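Heads up: the structure comes next, in C-alpha cells.
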C-alpha cells in the first residue's frame, strides 16, 4: 500500500487554508442540514394551495419569500425542495459510481478484450447527448422523479468508467500490484485493496464536480417536465413553473434559480480546491 | 375543434427540439424572416405552434386552422361573430322535405388561386376525396374529420356545372353546420392532381388570401388574393409565426416583432389591457375544460364518487384566482354560448362536506388513491399543470389522493386516445366547438357510440337514456324540438357527472391598436379580410 494517514491529513490541511473552499464546505454543510431537517423547519405545507393568496411578493408578512401561482409558501417549498433537489445529485453520482467504477477498474486492470468491449461501449454512450439519453430512459420508464435520477445516473456512468480505467491502467504495472500478484492475491483482492484506494483521489474530485452537474441535469429534466411531478417541491420544477410569471412574480424563478446556482457553485469551488490539493501534477505549486 | 390524432409523436419531438433551440433567441430574431416590408400592409400573427399541414381537409388543431382558414371558403359560411349560417360559395340551397337531399346553387365566376374555375366538380372532388376510399386522390392525406363531417353522406351528384346535390343516408340535422367546417373547404382539384400529397404544402383555394411561402419552423406567409370575388382584402400580407412560450410571445408583441398574439398569460392581461398601444379582445368561447373520469374502472364507475369530485373542487377559486377570470365557471359540459344549453341543471357548489358524505355513501369513507394524467400544455388546456395541482390540493382535503403524471401534449393525446386498458382513473381534457351545434359537444364527447376511435368519448362513458335522446335530436330538423331534447340530455348528464367540468375559456387575443376592424369568431378562426392597418 502506498497510502498512509499523513497523505490524507496533509491535503485536508492544505484545503482548509483556502478560504473559498472553507466557505463552500460550510455552505454545503448548511445545505445538507437543510436537506435533512428542511421539512421540520418549513412554516407551511409545500403542497396545499391557497388560491386567494397567490403571487405574493417577497417579504409579505407570513410569507418571507412570497407565494407561488397556487398560493403556496415559496420558503416552505424551497426548504422541502432541498432534499430531492440536492439529494438527486448525490444519489445519481453514487449510482453512477457504483456501476462505473468497478467496470472501469476491471477494464483498465484486465486490458485486452475486456477493455476493448467496455471502452467502445462507453464511447457509444458518450456520443449521446445526455438529454437524449435521459429522454429515452424516461420514455421507457415513464416520467417521475426517481426515473429522472436514474436517467442522469445512467448518463453519468461512462464518465466514471473512463476515470477509473485511466487510474487502473496507470497502476496495473506498478511494483506493489505485481508484488501482490506474485504473492498469489486474487484479482478481486487486487482490485479492491490496491486499485480502488489508489484511484480514489481523481474519482473524489470528479464526483464532487459531478454532483453539481447532476443536480443541474436533474433540474433540467424536471424543467422539461420529465422529472419531478406536481405537487412535489423540487427546484427545477419551481423554476419551470415560475417562468410563466417571470414578469409579475420574478421571485418564483429567482429563488429556486439562485438556490441551484449557489449550491452548484459551492460544489464546483470545492471540487476545484480538492483537485488542487490531490492532483500530483499541481504538487509543485502548493 | 382541437384534437390532433395522428403524426403527433414526431411533431412532439420536433416541438421539444424547437423549444430548446428557440427558447434563447426567439424565432423572429433569426434574421431570415420576412416581417414588415416597406409599402406593404403586413400583419404578423404569433401562434402557439407551427401548422401541421396547410390542407384544410386535414386540419385538426387551432394553429393549423388559423393559418389555413384565410385561403379557403366553403359552400356555407358562419356569419361574423356567430355560428349562424350565411351563403358562401353556394348562393342558395334547398333541402328536400325528408331531410335527405341538399341541393346547392353555386356562385358563378369564382376562380381558384391557380386560375381554374370553381364549379360543381370541385365540390364533388373536395368531398369525395375524403370519404371515397376508391377516389384516385383519397391517398393524398389523412382526413381525421371526414367521418364526423360527412359520415352520413351517401352520394355527391353534379347536376350541372353550377348545381350540386348531396344525398344523406339518414336525416342529420347538423349537416349544414358541418358544411361550414374546415373539412368542408373547397379545394382546387387541379392543384391536388398536380401536387398529390404535397398539396399540404401548396394549398390552393378561393379565399381572400393566397399562399406565398412556408419556411418550416419559422413562418407561413400569405398574400392577398387580388381576384377575390368579394373584392380585395385591405392588408397585403399575413404572416403566421410559431412562438411556443406564452411569455416569449407576449415579449415579442411588446418588442414589435409580432402584431397579433393568442394565449396571453392571464396575470399579464391587466397590464396589456391598460396600455393604449394594444387592443385586447375577449369573447365567450365555445370551449369546455374538464376532468374525464374513467367510467370503466373503480372508483369512478360510481355516480356518487363522480359527483363528490364535482363538489370537492373549488371551481370558483380556480377560475377567479388562478385563471384571473379568463373563463367562466362551467355548470355542465355544454358552454352557455351554444344553443341547447340550460341553467336548469343540478348545481355543484363548492362543498367539501357534501363530497365527503357522498364518498362515504359510495363506500370510500377513507378516500382512495388514483393516477391523474396531465398534459404539459396544449391548445385549449389553459394552465393544465397549475390547474391540476389546484385540483389535487382540493381533493386531498376530502381524502382523494391524485398522483399526477405529466406528458408532452403529442404523447398525451396518443395515450388518451390509445388503448383504453392503459387509461388512468382520471385525466384532463378540453374541447372547442367546431360548428356551434350542441351535437358537436354532447354527441361526439359523451355518446356511447362515440368511444374512440369513432369519436372523442375518451372516458368510455355510456348512458342509454342520453344516447337515445342524442340520436333522436340528430334526426329532427326543427331547432326548437332539438333544443328541448338537448336540454333533457344535459340534465341527465349533469346529474350523472361523467366529468368534472371546470370552466369555459374566454377567447382572448391582443393586437397592436393600429389593427382596425378585427372581430373574434366563436369558432376561433381569425378573419382578416375586413381588417385594416392604420398607418401611423
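A short reminder: the numbers here are calculations on the coordinates, not readings from a lab. Small disclaimer: the values here were computed from a predicted structure and weren't measured. Every residue, glycine as well, gets a Cβ built from its backbone with ideal geometry; the counts of neighbours run over all protein chains shown.
Kirkwood hydrodynamic radius (Cα pairs, Å) of chain B? Display every interim value, and only then the final one.
Details: mean 1/r = 0.0415 Å⁻¹.
It works out to 24.1 Å.
Sorting A:187, B:113, B:135 on the 10 Å Cβ count, fewest up front, what's the list?
Ordered by Cβ neighbours within 10 Å, fewest first: A:187, B:135, B:113.
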Exercise. Cα-based Rg of the stretch B:134-288 per 2.2 N^0.38 Å, rounded to two decimals?
Worked result: 1.35
For this session: Output the Kirkwood hydrodynamic radius of the stretch B:287-507, Cα pairs only, in Å rounded to one decimal.
Result: 17.4
Problem set entry | Scattering curve values for the stretch B:311-360, log₁₀ I(q)/I(0), Debye with Cα scatterers, q = 0.27 Å⁻¹ | -1.03
Exercise. Over the stretch A:107-185, what per residue volume does the convex hull of the Cα atoms give, in whole Å³?
Worked result: 111
Problem set entry | 222 nm mean residue ellipticity, helices alone, for the protein assembly as shown (DSSP H n ≥ 4; -39,500 (n - 2.57); rounded to 500) | -13500 deg cm²/dmol
Problem set entry | Tail beyond 18 Å, pair distance distribution of the stretch B:83-149 (Cα, percent) | 54
Exercise. In whole Å, what is the distance between the alpha-carbon centres of the stretch B:317-339 and the stretch B:229-285?
Worked result: 22
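Evaluate the relative contact order of chain B (contact order divided by residue number), counting alpha-carbon pairs under 8 angstrom at least 6 apart; express in whole percent.
It rounds to 20 percent for chain B.
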Exercise. Which ordering of B:229, A:113 is given by a fewest-first count of other beta-carbon atoms within 10 Å?
Worked result: A:113, B:229
For this session: For the stretch B:428-469 and the stretch A:75-112, write down the distance between their C-alpha centroids in whole Å.
Result: 49
For this session: Taking only the C-alpha atoms, wrap a convex hull around the protein assembly as shown and report its volume per residue in Å³ as a whole number.
Result: 200
Exercise. Stokes-Einstein D for chain A at 37 °C, 0.692 mPa s, Kirkwood Rh over Cα pairs, in µm²/s?
Worked result: 158
For this session: For peptide A:63-75, compute the average count of partner chain beta-carbon atoms within 10 Å of each residue's beta-carbon.
Result: 2
For this session: Report, to two decimal places, the Cα Rg of the stretch A:99-250 normalised by 2.2 N^0.38 Å (N = number of residues).
Result: 1.33
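Please report B:267, B:449 as a ranked list, fewest other C-beta atoms within 10 angstrom at the top and most at the bottom.
With the fewest neighbours first, B:267, B:449 line up as B:449, B:267.
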Exercise. Under a plain spin-label model, where a point goes 7 Å from the Cα along Cα-to-Cβ, how far apart in nm are residue B:449 and residue A:139?
Worked result: 3.9
Problem set entry | Partner chain coverage, peptide B:387-397 - average Cβ within 10 angstrom | 5
For this session: For helix B:479-496, report the angle its Cα long axis makes with the longest principal axis of the Cα atoms of chain B; keep it between 0 and 90° and round to the nearest 10°.
Result: 40
Seminar exercise, completed: If one compares the long axis through the Cα atoms of helix B:246-255 with the longest principal axis of the Cα atoms of chain B, the angle in degrees, nearest 10, works out at 40
For this session: Please average, across the residues of A:225-238, the number of beta carbons from any other chain that are within 10 Å of each residue's own beta carbon, and give a whole number.
Result: 4
Problem set entry | Between 0 and 90°, nearest 10: helix B:120-131 axis offset from chain B longest Cα axis | 30
For this session: Go through B:413-426, A:256-269 and give me the packing order, highest mean Cβ count within 10 Å leading.
Result: A:256-269, B:413-426
